[in-house]
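J.: I'd like to ask some things about the structure below.
The values are calculated or read from the model by the stated rules, or taken from the named source; none is laboratory data. The structure displayed is predicted, hence computed values, not measured ones. Here the Cβ positions follow ideal geometry from the backbone for every residue, glycine too, while neighbour counts run over all protein chains shown. Remember, those area values only see protein heavy atoms, side chains included, never the ligands or the DNA or RNA. Shrake-Rupley method; radii C 1.70, N 1.55, O 1.52, S 1.80 Å.
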Amino acid sequence: MGFGDSAILPQWVNVLVDYGGQPATYTYAIPAGLNVQVGDILTVPFRHQSIGAIALALVTTPPANLLPDQIRSVEGIVEQRFFAPPYWALLQRVADHYQVPLMQVLKTALPPGLLARSQRRLRLKRDRLPLAVPDALPPGAIALLDDLQRSRSADYTWPYLQKRGHSYRAIQQLIQLGWVESYLAPPQPPKTKQRQAVTLVCGDVLPSELSPRQQDILATLRRQGGDLWLSDALQLCQTTSPTLKRLTQAGCLVIEPREQLRTEAGPTLTADRPKPLTPDQATALNYINRSQQGSQFLLHGVTGSGKTEVYLQAIAPRLAAGQSALVLVPEIGLTPQLTDRFRRRFGDQVWVYHSGLSDGERYDTWRQSLKPFKPLVIVGTRSAIFMPLPNLGLIILDEEHDSSYKQDVAPCYHARTVARWRAELENCPLVLGSATPSLETWVQCQGLGKSQTEPVGSALPTISPKPTDFPAAEAHQSPSPPSKPGTSPPHPPIPPSPHSPIHPLSPHSLPWTYLSLPQRVQAQPLPEVNVIDMREELQDGNRSILSRPLQTALTQMKSDGNQGLLFIHRRGHSSFVSCRSCGHVMMCPHCDVSLSYHQPGAHSPMTLRCHYCGFSQGHPKHCPQCSSPYLKHFGSGTQRVVNAIAETFPELSCIRFDSDTTRTKGAHRALLTRFAEGGADLLVGTQMLTKGIDLPQVTLVGIIAADGLLYMNDYWASERALQMLIQVAGRAGRGRQPGQVMLQTYTPDHPVVEAVTRHAYEGFIAEEWAQRQMLQYPPAGQMILLRLSSTEAELVQQTAERLAHDVTQLLGDSDYQLLGPAPAPIPRVARRFRWHLLIKGPLHQPLPNVQGLKQHCPAAVSLTIDVDPLNLA
Ligand code: ADP
Ligand code: ZN
Ligand code: ZN
């Protein structure tokens, strides 16, 4: 045997198996002649079965704890290159950068039960059978052969045959003889499931005996096209099954089971055609469309400037060219309206993918997007960035500044960062859209922060020549007209300077183009923002949470027949219960935070809930400390606002839109639809209101208390507060009538409040950038947060101290420094005590690898490595 050749050939392969829902990696030997590659789906022996496995890595040395002949061999290749090489490279990159084992990335990227669900089948190869079965064949193999020959298709699933008593051994014998082959069934078309559907069958003339309420229900159904899933109909009409049953008895409705594709959801929609673009939209689209390669675009457009229309028209030519597109959105609350717009344009080529789908739905969508029979548009949340779509032509991240793109459990990835790598690996354009771009994107797009040797002062003025204005409608990439691609060097991005070597994982390597949509479509003005000083209200004796100017605006809105949104920032100390007699605050028994009170409906019982661990309890009648019956509710939860409206303006109807009322599947859509159809005057909600709601009849936006947002102790609290306030404000005046924003605050001269009133995003962001540079906070620096937690207070503290020692040694005299250890800002959550270590350093230097620290953690202490953390709490 030639020593030289075989020595370098990988003889072993590390595979992922998913046995009993527990993914794990194992090593197998590669038999001679089998050309196994990374990304293949293999068959491997496992216990007494043969199961599916994914080839993760080829290795030239066997694991140290095993002798080579103890290692079992791969049985065969089921499907070559099941995953495309760039896809594997992406997963590996995520594992490297976020410092987690590849396995953990796989668990995030792949749908639950991928291999377990993939049907392994056995097929008889009749043409390979000899005329007479040799006598020497063992009885088990003969019985199996008989069984296979008896069936017409000669094709069975492996588990079925094993259930019929055929042994693994017998199956192997027939495979070795070449009479039978084992294969993984290709993706099935989506399995259908039956669901109850409601169809309107009465004409315009309704039976006379119907009550007004029943007529109301029928009218609502008719407005929806008269054909809905039962669950949607119940939500929409706010009614019960017995009520609908009575309507079927009256001959008005039919309720029957119907097939539903597991990948689809939502009502049928009327088709929609591309709109003629405004000049700004056309310019932006031109730049995106002519880009054939890896490149990134910041589409900076004020709310309502028509970004979504640009996305749609950028996707169309890619689909026509046989390429697929990925569209990421921050949260599911945003998806129904947006998904509908995509569906109207591209019909059944649009699929949704998010964690709210059932395992089955996720599995089907994922598996089919691997080898779609036509190009797809996948609209989804964070994890959709891992959809294995081949031939990806475009990636879009809408509302790119949104923090829900960052996962807060390992792998703590940011979908924007992963999207950038994916665009780079697949060589396709990436479009980041926002009215309020993140500082990180802004800085990169403007080519700031590239070189540490550049004086800070000289970089700043290039952010925006006119801080209160958007830059003129233009793309900054190239002075040449879009029709002549690549004729002159791009303006920003600045080419990498020799002083700032770009790390291979650097997110800066794709060229940037800045695209701006400075005006709303049809040039509706941005809404006027009125700041209301709540201190004055108090001085003048108004103790209501509704200021007098807001009350006036509400009255005006009603008399004009318009609708409004009321926004409350809920998190933090926004709602808690305390005792008037002794001051005791109701706390979560498992966390160091106060409980918030909740009331899902006006007549439902009040409960207290912890936002950190989910603990909930009934509302106590007496103070647990002093038994006083006088308990006081602080802050302004949505329910309190709804109550205040009911007291002051009984004629105004409200819909609550928060985590209490949108808990059930489809509730977002139902509530928004009801509001859009004029089912209420006001939509009262939390952060969810900031996202993508586009309702032309909304003219008034009330921000009940901006202050909760302004004082949060994160390094990027201001950036986030401004983004959120501008986004809420932007919901007003999207239709013909101008909008108005009433911003109530106790600190009217806060810089964030000032920036909102002036719609002055760039000016604010310039100041923010200067601050971050001074403190070396991201994006002017890099950080890793080590989160430790344990149910044992002392142990976690000791571990934190020991790790701090290790980290200090690891960092040595590098430019990185360690802050901490310190108890986390919320020292206890869900009975676990928490400690933090923060590693902080300059840009453009490889992050220290801290994965080895896990070995120094006792089993009772969990360590999460959060690279590029957004949340330091
Ligand atoms: P954004 O995504 O920037 O908030 P949208 O794409 O939702 O903006 O556009 C705001 C509104 O203007 C939507 O109702 C959309 O249908 C409409 N719109 C967008 N582009 C055009 C256009 N070129 N002509 C007419 N209406 C448009
Ligand atoms: Zn008390
Ligand atoms: Zn709790």
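J.: If you filter region 644-709 for trypsin sites (Lys or Arg not before Pro), then keep DSSP loop positions with at most 12 other Cβ within 10 Å, what is left?
T.: Sites meeting the loop and neighbour criteria: Arg663.
J.: So how far, in whole Å, is the C-alpha centre of region 838-873 from the one of region 30-97?
T.: Centre-to-centre (Cα) distance: 30 Å.
J.: Over region 41-179, what is the relative contact order in percent, taking alpha-carbon pairs closer than 8 angstrom and at least six residues apart?
T.: Relative contact order of region 41-179: 22 percent.
J.: If packing is taken as the average number of other Cβ atoms within 10 Å across a peptide's residues, how do 301-314, 794-807, 283-296 rank, most packed first?
T.: 301-314, 283-296, 794-807
J.: State, as an integer percentage, the relative contact order of region 294-414 based on alpha-carbon contacts under 8 Å between residues 6 or more apart.
T.: Result for region 294-414 is 34 percent.
J.: Follow-up. Within 13 Å, Cβ to Cβ, of Arg246, how many net charges do the neighbouring residues add up to if Lys/Arg are +1 and Asp/Glu are -1?
T.: +1
J.: While we're on this one: Residues with beta-carbon under 10 Å from that of Thr745, excluding Thr745: net charge, scoring Lys, Arg +1 and Asp, Glu -1?
T.: Overall, the nearby charge balance is -2.
J.: Express in whole angstrom the spacing between the alpha-carbon centres of region 385-409 and region 301-328.
T.: Here the answer is 14 Å between Cα centres.
J.: Separate question: Please report how far the C-alpha centroid of region 140-180 lies from that of region 775-832, rounded to the nearest whole angstrom.
T.: Taking the Cα centre of region 775-832 as reference, the centre of region 140-180 is 57 Å away.
J.: Okay, next question. What does the charge count near Arg93 come to, summing +1 for each Lys or Arg and -1 for each Asp or Glu among other residues with Cβ under 11 Å from its Cβ?
T.: Once all neighbours under 11 Å are counted, the net charge is 0.
J.: Could I ask something else about it? Per-residue counts of other Cβ atoms within 10 Å, averaged by peptide: what ranking do you get for 717-724, 54-61, highest first?
T.: 717-724, 54-61
J.: Considering only protein heavy atoms, what per residue accessible area in square angstrom results for region 194-259 with a 1.4 angstrom probe?
T.: 55 Å²
J.: Over 22 Å between Cα atoms: which of Lys307/Lys558; Lys107/Lys371; Lys275/Lys307; Lys107/Lys406; Lys374/Lys406 fall into that group?
T.: Result: Lys307/Lys558; Lys374/Lys406 exceed 22 Å.
J.: May I pose another question? Could you go through region 98-109 in sequence order and give the Karplus-derived ³J(HN,Hα) for each residue, using 6.51 cos²θ - 1.76 cosθ + 1.60 with θ = phi - 60°, rounded to whole Hz, and x for Gly and Pro?
T.: Taking θ as phi minus 60°, the curve returns 8, 6, 10, x, 3, 3, 5, 5, 4, 4, 6, 7 Hz for region 98-109.
J.: Per-residue counts of other Cβ atoms within 10 Å, averaged by peptide: what ranking do you get for 77-83, 229-235, highest first?
T.: Going by the mean number of other Cβ atoms within 10 Å, highest first, we get 229-235, 77-83.
J.: From the phi of every residue in region 760-776, what ³J(HN,Hα) in whole Hz does the Karplus formula 6.51 cos²θ - 1.76 cosθ + 1.60 yield, where θ is phi - 60° and glycine or proline is x?
T.: 9, 6, 5, x, 5, 5, 5, 5, 4, 5, 4, 4, 5, 5, 4, 9, 6
J.: Output the relative contact order of region 12-109, whole-number percent, from Cα pairs under 8 angstrom with separation of 6+ residues.
T.: RCO, region 12-109: 30 percent.
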